[in-house]
Structure formats: structure tokens, C-alpha cells
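The values are calculated or read from the model by the stated rules, or taken from the named source; none is laboratory data. For clarity, every value in this text was computed on a predicted model and none was experimentally measured. Glycine also receives a Cβ, built like all others from the backbone with ideal geometry; neighbour counts cover every protein chain displayed.
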Protein chains: 4
Amino acid sequence: MLQESGIDQNEPPKGGLPQFGDHLHDEQQLSDERGLHIDKVGVSGLRFPIEVCDRTSLTQSTVATIAMYVDLDQSFKGTHMSRFIEVLNSHGSIISVDNISELLLEMKERLNSSNAYLEIEFPYFISKKAPVTQQAGLIDYKVHFDVSLINEGIDFAMTLKVPVTTLCPCSKAISEYGAHNQRGEVSVSIRSNETVWIEDLIKVVESCASSELYSLLKRPDEKAVTERAYENPVFVEDLVRNVVTKLKTDSNITWYKVEAENYESIHNHNAYACIESG
Amino acid sequence: MLQESGIDQNEPPKGGLPQFGDHLHDEQQLSDERGLHIDKVGVSGLRFPIEVCDRTSLTQSTVATIAMYVDLDQSFKGTHMSRFIEVLNSHGSIISVDNISELLLEMKERLNSSNAYLEIEFPYFISKKAPVTQQAGLIDYKVHFDVSLINEGIDFAMTLKVPVTTLCPCSKAISEYGAHNQRGEVSVSIRSNETVWIEDLIKVVESCASSELYSLLKRPDEKAVTERAYENPVFVEDLVRNVVTKLKTDSNITWYKVEAENYESIHNHNAYACIESG
Amino acid sequence: MLQESGIDQNEPPKGGLPQFGDHLHDEQQLSDERGLHIDKVGVSGLRFPIEVCDRTSLTQSTVATIAMYVDLDQSFKGTHMSRFIEVLNSHGSIISVDNISELLLEMKERLNSSNAYLEIEFPYFISKKAPVTQQAGLIDYKVHFDVSLINEGIDFAMTLKVPVTTLCPCSKAISEYGAHNQRGEVSVSIRSNETVWIEDLIKVVESCASSELYSLLKRPDEKAVTERAYENPVFVEDLVRNVVTKLKTDSNITWYKVEAENYESIHNHNAYACIESG
Amino acid sequence: MLQESGIDQNEPPKGGLPQFGDHLHDEQQLSDERGLHIDKVGVSGLRFPIEVCDRTSLTQSTVATIAMYVDLDQSFKGTHMSRFIEVLNSHGSIISVDNISELLLEMKERLNSSNAYLEIEFPYFISKKAPVTQQAGLIDYKVHFDVSLINEGIDFAMTLKVPVTTLCPCSKAISEYGAHNQRGEVSVSIRSNETVWIEDLIKVVESCASSELYSLLKRPDEKAVTERAYENPVFVEDLVRNVVTKLKTDSNITWYKVEAENYESIHNHNAYACIESG
């Protein structure tokens, strides 16, 4: 190929210095002189089909967006991006707490790093029965795992984004009839000693709102959720305090961050509140 | 430079055929053999500061996202992308119905095309007084101009996205107290003989919802909008029908498309409706 | 419950007229006086797990975003939103050309409409082997089905969004070395007499770019795609013309719209081109 | 109005306890029993027109997305959301380091809090001259201010997102001709003793990439940037190291976090790297 191309191997182009030989040049293995360790380097925005285990060991198929990073010692110019993709494709698609650790260990080995990081976000579906008619419908929640292997220790933080109904206490208190309400989203991040199941944490959050959401509501159900929301007005402040109050009763949970954002029905902006432990 | 680079001019690299001479090669001017006219070609996703004229000839500064296209005759390989940027940068930042036509004419000339197209989207701010306290606050709306110069004729379509409050008639009718409500967005696109002012079209849409939105609401205002929404329940179906009913009374409007989307407070999905004229 | 609530049944609140009786009031069934047929009304932004059939009848699990609409006769005030959800949840998750028609028929019947519409968008994964090492890696494409049942006829339009590499012919022609290149996205929408398989249309598009993309590339593969892109420079204009040229050779394809957008590596805006048949 | 509505004032509806009297009930002022301080509560997603001062004291009009929070003492049920909007609307639209502090002080006073927080993100335009032809064109950058008033101290962190061209050293080294390149984005966050001007930090970042971006490039300019990129290949690792190396020479900068993300032209995912000080 070189002869065909017309490029004179011995005379490098002004632009740079390609090197050809028996092995293709490994530019990343060159040494680096800047004396700077890199905290995280790798691939991001990668979509991949996965299966998630639930509490009953049943799996659910979904599609994740994934980021995979390692740290890079100051002496090396670059990491080997393709190895992340190899590790992911050979890992298989089943994601559970155990095999996430294996995936991180493999990244650490293949990439000769001290630390490895995985960020994985996916929609998770739960079949919920409408409150009165008991008709079932699927509804989705966003789940995000932030997992780090730093030296030998695994750090696992799970975030759930749970959509809810919030009805305003002030609006209810001052109005003759009605009360403004809207969809809101609660984002709960936790660290825990033992596994906390997605379904359980969702239930905790939903119990703290004016009402939980359902995809399928017949008229008796719509009546029930409308009245229930009116009976349970919550500010964003109440929403985060309610959730935190429940999380604090669970000694299994070692850290939390709870955020709530309401897409206010009377404004073109949102209301927001946040409590973080410690 | 060529001598320094080490590339032998007379021996083209396998990869292609760079041409150097007095003038830099104009690749786009090459002829094309595929016999295919291109409907639109140009630049998109370009952010640019503009000033928009309002009804009183006052201008408002905002930031637009812009796309600029022309058609391309089948005989030419490519258009000249940089000329779009030159036209835009030299046009000045004031946008009004008249000078949009000038900008399109200039695109047509500079790019030797039959047709020219401009898509420009920007936030537009209106100062609104709260309904009871009359306190003023700015609120934003999305405006989108779709303008075409096809042969000699200008076609101008304006789209406004107006956020509103919608309260559900069914929920109200069947519940003992309360009614689910939410923020919704009405997207109105029109063509008209004479200019329709943004503020006027916004007022039409807002009068069709359960309530309009305000950024600043003190408690007496919140009471007023809560009660007003309860007194004026509308389905998405009502919302689009109300808007269309008003547009039809205006003979100046020659075409419309009205869409409404509610971010349902009781579901994790939206309700949607659409009516288009003709 | 009414007695407990304190609302005097016989004296309706100023705000409205709730009706209670044996059956919950069906507000949507009320007649409408505005004389306006609604083109589309239903649910949007609904996420749902599906399985998609491929050419070999194997299925792939993925997550779709779905919109479901019907038209609404002018005499009715509203449609029955919950029925869309019932139809979807009972349909099962396998999506293929045949059962999409069934789903639309069911919507039409359950909702007593003339027309029914389904928009369904999902990521679709293909395992590709790197060009030299033949190592396999999954890569994702966006697929969008737009299906309408209008009176009795089914109209099916499929859109694929295919990411590719594009290298600029002008940059290559005028520069001593190198050529700017970038990721681009080709969006192809088609209507056809017989089914066109996703994989086949993806191959057509990828063959028209400077290079196709791969998730997993070892160094010999990276060398191959780099050189291949340099050997096959294409403007956005070339990209859409190449794709259209191939589509036109297939008499099975009755309509097409081809768009290409490059995330230009030398600008903070994109280059865009579009050809539509007829 | 109460008489008209038909609601018996003395008999509260089952759903709740509205209170009517001379003054509208201040629900937020109620005391709270859960013993939970709230870290941040306020408004988010608010769009507002602003003017930003540059180094020469000239102002530039743009549109910001704003969040405004305070902390909330455990004894209070809620904050007063409307006061944020009042403070913002009365502040005027000129944003500079000094008056941001004033805005925070005002929030703290109006909302009786210990702490106040402001997040403000906006596009910022710079006129750049193309490298050879010197023709000028506007190009946009994203700027984000994170400002906190905690007790008495102001903490100001500025983040710039700077789009650049990156060309891959490995691809260049192993290929006979060409090298894959793409648009990337560098996100630099800093804290400093004295003000660091946006333009200066942008220049630092741009000097670390394979090439900076321009909106307007004629052919001689395109040749120059193509060759410059080829002469200056950088991995994402190089990009963050180059930026950090320069930041470390400036003792004015007390903290930094530098991230780079490349929209790889040969993959459908991105490459990412990050270094944070300390």
C-alpha cells in the first residue's frame, strides 16, 4: 500500500511523523512529560441493550446510556479506548450489583488503571394497577447507577427519578375551589450497605407526593387520584422533607440526596428543592 | 511549503488528488453528473444575536437559532457554505418582516439559486401584569419564523409556542373537590396576508386556555388564577377548537395549524391534539 | 362521601357543575357545538418496551417512545384517552408490520374514529464486525415508524437515522495534508410497496458516506477507516445525492426524503442538505 | 364570591381546610415539625434577558436560563417563591461580578435565609477573524456562573464550554494519509481570586486544541485550519492536560475542573477526559 500511495516513507510530511513498521504504532503508549494524572478518561454517550435484575430475579430488557472511565497515570499519553468497548461487548447484557463489580474489575485490568468508573442510565418499567379499577398499565422511571472501583473498594450510588403529582397547599388554602397541581419529578440518590431495590425506593417516593402517577386511569381511578391529591397537598419543600424523613428511618441507607422539581402549572418556570445528608 | 512537506506533487497519494495552483481549487464548482437537484442545502444550528421589532417598533434583544438554505441546481457539486455566514454577519441583527425578505434575496444572489429558505427560532419576552396585584414580571414565549423565497414569491409562516394552564373538565366533573391541571403548550402556526403581531396571537391563545401563565404571582393573584382555571376547564380538544374558532374569524389568516400538548399531572405521558386548516 | 365533604349537592359551586350519580359522568361524550373536526387527538411521549422483528424473524428488545392518535368527529367534545393505553398494554410488545395494522384497527374500533395514527421511535442495534480485525461490536441506529390508518388504507413511512463519517472534499483538495471530517447523520424516510428491512436500508446509507461507523475499532481498523474516509470525500450534497441515486434504482420505493446533517469539525454550526422525491 | 359559589364556609370539605379572612392565608409561614433544614429551595428553568459586561465594559445582550435558591430553616414550612421573581425583575438586566453579589444579598434579605444561590447560563458571542482572510464572524460559547452567598462569603465559580477541533494522534500516526478529526467541547470551571475574563479563558482553551473554530472560513482559511489541525493532533487526554498545564501557571486560579468530550467521527459514542484540581 505504501508504494501505491506515492508517499515517500523516508521523507515525513511537514505535518507530522507517521511511523510504519511490523506493528501499528501505539501512540497512546508513548510517555507523557506534563506530570499530570488524569482523573477520568474513557467513553461516554454509548447506547447498549441491557437486562436488569429485579428483586425476584426476573430480568427486564431495556436500553442503557453508558459511560466507562478509568484514571490514567501521569506517565502515559493516552488510554486504550477500544478496550472499554471490548469489555462491554463481552460482558453480556445482564446488569446486577454483582456483575457490575466484575465489569469494573475487568476494566481496571484491561486498562492497567488504579480506578474504574461506570455510569449507566436506563428506563425501568413497573406494572401498576389503577387504584380503583385495578387495571394494569406499564409506567417508566429513570434509573441511574454511578459505580466506582477506587483502589480496591466499590462505591455504588443509585439514583431514581420518580414522576409524581404535586398539589399546592397555598393555592388550596386561599382559593374557593380547586388548587393548582402539576407533574413533578423527584430525584433520589442513595448509598446503602445492602442492596435497596428499585421498586421499594419508588414506593417510598410515591408515598410522599400528593399522588403517584399511573399510565392507565379509568374514570373511577381519575376521581380517586384527583381527590387524593387534593387531600394531600405538598410543596416541593414538603416533598423532599417527606422523602428524607422516610430515608432516615432506614439505617441501611448511609447517604442520600433528594431533589424535587415541579413543572408549575401556573408559571413557565419550575419550583425546586434539595436536601443532602451530611 | 510543498517542498518542505515532502509530498511529491507529481505523484498523487493513493487517497486522492489535491490540486495546488494560483487559486485554491473550488471543489464546489465542479459539475455533477448524478442529475439530481437538491431541494435545500446550507447551514443549520447557528446561534446568532438578533433584535426583533414589536408592534410599537421597539426592539427586543434576544438570541436566535438559525438555519439558512438554498436549492442547488443539478449541475453543481456543492454550494458555498461560507457565503451564508457572510450574508448573515453583514445583514445586521435587526429582524423584521421586511428585512427578512432582503436577507433571502441576498442569499439567492450570493448563492446563485432559485430559492432561499430561512428558519429562525428565538425566545420572545413580554412583560405581564399579575391579574390582581398588577405587579409586572417578564415571561418568555418561543417564536419561530419559516420564510421561503421560491422563485419570486415570499412565503412567511410564523409559529408561536404559548405555555398555558389547562384544567381537566372530566376530573372536575367527577370529583368531589379539586381537578387535575397542568402546564400545557399550544403551538400555533399561521400564514396571513398582513402581519400578525406576536403579542396579538399570544393573547388569542391565552384566552382559550383554563388560564394564562404569569412569572410573578402574589397570593391574591394565585387565588385568582386557581379559581379562573377551575371555572374554565378545557380538554386539549377544547383548547385547539377554541383557538381555531378565533383564528377563523380573522380573514387575514389564510392558513393555520394548531397543536396543544398537556404535560398531564396524573400521567407520565402527555395529551395531544391538532387541527390544521384545509 | 358527599355528606362528609360538606359540599351541598343541590347548590353547584360557582366554578362548575359536577354531576354525581350511578355512573361517573362521561364529559368526553358531551356534544360539541363548535363544528370543528379534530385531525389528531391522543397520547404522546409514552415510553414502552417493545420487541422488534428483524429480517430473520429474530426479535430484539428495545424501548420505544410512542404517540397514538385518532381523529375526532366534530360532534364530540373529547376522545377517551385511557383507551389508547388499554390498547397498547393489551397489544403485547412485539412490533412488526402486520401487527401494527392490527393495533391501528383496534384503536379505530375502541375509539370510534375514522382514522388512527401511530408514531413509534426506538433505538435499533446491529452487531458490526470491524473492517480488518473482524471484532464485533454493537452499534445503535434510530428508527421511526409513522403509520396511519385513514379510512381503510394503511400508510407506512419508515425513517432511519444513520450516523456516518463525512470527510470534506474541498478541505482535502486545497490542503497539503489532512482533511476535516466529522460525524454526520443521515435521516432517510421511505414509503414502499413491500417491506424494506432496516438492515438493508442502513447498508445503503452507509455505503454512500466517507465511512460507516463502528463501536469497536482496533488500530488496524482505525487505519482502514481513516484511509477509507480520505479516499471517499463527500459533501453533504454528495451524501444525499448518493443515497437518492441508490433509492431510485429500487422500484419498490415509492417515496423518499433524504436529509444529511454534518456536525462540522471546523465550525460551531452544521452543514445540511435535503432531497425529497416528487 | 363565597355566597355565589355555594360552598358553606363553616363546613370544610372533606379534602381540606381552606381559610378565608381579611388576609389571604400564608401557608408557607406555618411551622414545620419534621426538624429538617432544606439546603436549597427556589425557582429553576427561568429564562430572562440579560446584558453581560465584558472586559472593556461593553455590554452584550443575551438570554439566560436562571435558577435562584435559598436555604430554608427547619422551622418553616415553605419559602416565598414569588419573591425570587420580584428580586430578579427589579434587579435590572445587567450582570457583572459586583451586582451578582447584590442580587444574592437581596435574595437573602427578602427571603430571610442564611444562604443564597444563583445559577445562570447564557450564550456569549465573540467576533473572530478568520486566520488568513481576516474576515469576521460571530461565534457562540456557553457560559455558566454558579454563585453562592453562604453566611457572609461569596463563592463564584465560572464554567465555559468551548467548542474546538480535535484531530487524533493515533489515527494520524498509523494512517498513510488523513486522520480522523471532529468537533469536541472543553468545559472549564474555575474559581479565582481576581476576575478572569471570559475572552481570556476561551483563548487559553482554544490554544490547547488541534484548532479553534470559526463561523466564517473562506478557502484559504479552511486550508489553514485543516493543516493546523493535522500539525497539532491531540487526544482528549492531551486536551485536558494542555489546559490544566496553562491554568496551573496562573496563581490567580485557585480551583479548576477541566473536561473534554469529543464527538468522535469514527464512532457513535464520545471520548471523554477530566482533571480536577486537588
ask   = What are the residues in segment D:148-172 that are out of contact with any helix residue (DSSP H, G or I) (no Cβ under 8 Å at 6 or more places or on another chain) and either modelled with pLDDT under 95 or at the interface with chain C (Cβ under 7 Å from one of its Cβ atoms) (or both), if any?
value = D:ASN151, D:GLU152, D:GLY153, D:PRO163
request  = Could you please tell me which pairs satisfy a Cβ distance under 6 Å, a separation of 6+ or placement on different chains, a first residue in segment C:205-219 that is under 26 Å from C:LYS246 (Cα atoms), and a second residue that is outside any loop (DSSP other than H, G, I, E, B) and among the basic types (Lys, Arg)?
outcome  = C:SER211/C:ARG228; C:TYR214/C:LYS128
request  = Only residues that are more than 20 Å from D:ASN270 (Cβ to Cβ) and more than 7 Å from every other protein chain (Cβ to nearest Cβ): list them for segment C:207-223, please.
outcome  = C:SER207, C:CYS208
note = B:ALA130: passes all of (1) more than 30 Å from B:GLY45 (Cα to Cα); (2) without any contact (Cβ under 8 Å) to a residue 24 or more places away in the chain; (3) of a type in the set (Gly, Ala, Ser) but (2)
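Right, B:SER192: under 21 Å from the mean Cα position of the chain (by Cα), more than 7 Å from every other protein chain (Cβ to nearest Cβ) and farther than 24 Å from C:SER44 by Cβ or not?
On the way: under 21 Å from the mean Cα position of the chain (by Cα): yes; more than 7 Å from every other protein chain (Cβ to nearest Cβ): yes; farther than 24 Å from C:SER44 by Cβ: yes.
Considered against the rule, which asks whether it is under 21 Å from the mean Cα position of the chain (by Cα), more than 7 Å from every other protein chain (Cβ to nearest Cβ) and farther than 24 Å from C:SER44 by Cβ, B:SER192 comes out as yes.
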key: Given (1) closer than 30 Å to C:THR62 by Cα; (2) within 13 Å of chain B (Cβ to nearest Cβ); (3) in contact with an Asp or Glu (Cβ under 8 Å, 6 or more places away or on another chain), index of the condition A:GLU119 fails   = (2)
message = So C:SER175 passes all but one of these: (1) within 14 Å of chain D (Cβ to nearest Cβ); (2) touching a residue at least 24 places away in the same chain (Cβ under 8 Å); (3) hydroxyl-bearing (Ser, Thr, Tyr). Which condition number does it fail?
response = (2)
inquiry  = Take B:ARG110 and tell me if it is in contact with a Ser or Thr (Cβ under 6 Å, 6 or more places away or on another chain) and modelled with pLDDT of 95 or more.
reply    = no
query = Among the residues of segment B:55-65, is any assigned to a helix (DSSP H, G or I) and surrounded by 17 or more Cβ atoms within 10 Å (Cβ to Cβ)?
reply = no
task = Select from segment B:74-116 the residues that are within 14 Å of chain D (Cβ to nearest Cβ) and under 29 Å from B:PRO163 (Cβ atoms) and list them in ascending order.
result = B:SER93, B:ILE94, B:ILE95
ask   = Out of (1) more than 14 Å from chain A (Cβ to nearest Cβ); (2) under 16 Å from the mean Cα position of the chain (by Cα); (3) part of a strand (DSSP E or B), what's the single condition that is false for C:VAL70?
value = (2)
task = Return yes when D:GLY278 is out of contact with any Cys (no Cβ under 8 Å at 6 or more places or on another chain), farther than 20 Å from D:LYS128 by Cβ, within 14 Å of chain C (Cβ to nearest Cβ) and part of a loop (DSSP other than H, G, I, E, B) and no when it is not.
result = no
query = With (1) touching a helix residue (DSSP H, G or I) at 6+ places or on another chain (Cβ under 6 Å); (2) part of a strand (DSSP E or B); (3) modelled with pLDDT under 95 as the list, and C:VAL43 as the residue in question, which single condition is left unmet?
reply = (3)
request  = Could you tell me whether any residue of segment B:120-140 is closer than 28 Å to B:ASP39 by Cα, part of a loop (DSSP other than H, G, I, E, B) and in contact with a strand residue (DSSP E or B) (Cβ under 9 Å, 6 or more places away or on another chain)?
outcome  = no
remark   = Quick count over segment D:45-82, residues being in contact (Cβ under 8 Å) with a residue 40 or more places away in the chain and of a type in the set (Ser, Thr, Tyr), is 5
Qualifying position, being within 17 Å of the chain's Cα centre (by Cα) and modelled with pLDDT under 95, among A:ILE95, A:ILE120 = A:ILE95
Only listed residue being over 19 Å from C:ASP71 (Cβ atoms), more than 10 Å from chain A (Cβ to nearest Cβ) and of a type outside the set (A, V, I, L, M, F, W, C), chosen from B:THR226, B:THR254, B:THR245 = B:THR254
inquiry  = Step by step: first the residues of segment A:88-103, then only those that are within 22 Å of C:GLN135 (Cβ to Cβ) and among the aliphatic types (A, V, I, L, M), then the one that is surrounded by the fewest Cβ atoms within 10 Å (Cβ to Cβ). Which residue is that?
reply    = A:ILE94
inquiry  = Suppose we filter segment C:33-58 for residues that are among the β-branched types (Val, Ile, Thr) and facing another protein chain (nearest Cβ under 10 Å); how many remain?
reply    = 4
remark   = Only unsatisfied item for B:ASP238, checking (1) in contact with a strand residue (DSSP E or B) (Cβ under 7 Å, 6 or more places away or on another chain); (2) away from chain A (no Cβ under 14 Å); (3) of a type in the set (D, E, K, R), is (1)
All positions within segment C:253-274 that are under 19 Å from the mean Cα position of the chain (by Cα) and closer than 30 Å to D:ASN262 by Cβ = C:VAL258, C:GLU259, C:ALA260, C:GLU261, C:CYS274
